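Accompanying notes for the structure given below.
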Amino acid sequence: MTIEGDVTITNATLTVQIDGQTFTSDTDTLTGVTGIGTVFTATNISTLRTATMFIDNTGANTVTYSLQLSPDGTVYFDDPSYTGAAVAGGTSAIIVIDKFAQYAQLEYSLGATTATFDAYYNGQA
């Protein structure tokens, strides 16, 4: 199939197959969040050759995060490469998923601090 011209996609999740390879992405904007939460909860990464998550901290306060991996989608383990990592206000972070697991998610921990940030996920099979 050949598509010419502009293409508009209205949802936040996109899966594209190019020359036998599949690309998937997701985006989440978190505004005024506090406490502990997850982004891209229970994202299945088992079929991906490479996957990366990104945090763009658009607020002023620091976002503390951990990359969590799971063999079953129920029990999660913090990846020691990204446990309690911090993204200062106005900066960004690239989180490369370099360990094999079935599921991945980002956990943020803010305490009483309010934060605003965008999170992105890209994967290629």
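Of the numbered criteria (1) closer than 20 Å to A112 by Cβ; (2) touching a Gly at 6+ places or on another chain (Cβ under 9 Å), the one V39 fails is (2).
Residues of region 34-68 that are touching a strand residue (DSSP E or B) at 6+ places or on another chain (Cβ under 6 Å), at pLDDT 95 or above and aliphatic (A, V, I, L, M): I36, V39, A42, I45, A51, M53, I55, V63, L67. N61 satisfies every condition listed in (1) closer than 16 Å to L110 by Cα; (2) touching a residue at least 40 places away in the same chain (Cβ under 8 Å); (3) within 16 Å of the chain's Cα centre (by Cα) except (3). Restricting region 78-104 to residues that are touching a residue at least 40 places away in the same chain (Cβ under 8 Å) and part of a strand (DSSP E or B), the residue that is surrounded by the most Cβ atoms within 10 Å (Cβ to Cβ) is A104.
The values are calculated or read from the model by the stated rules, or taken from the named source; none is laboratory data. Since the model is a prediction, treat every value here as computed from it, not as a measurement. Glycine also receives a Cβ, built like all others from the backbone with ideal geometry; neighbour counts cover every protein chain displayed.
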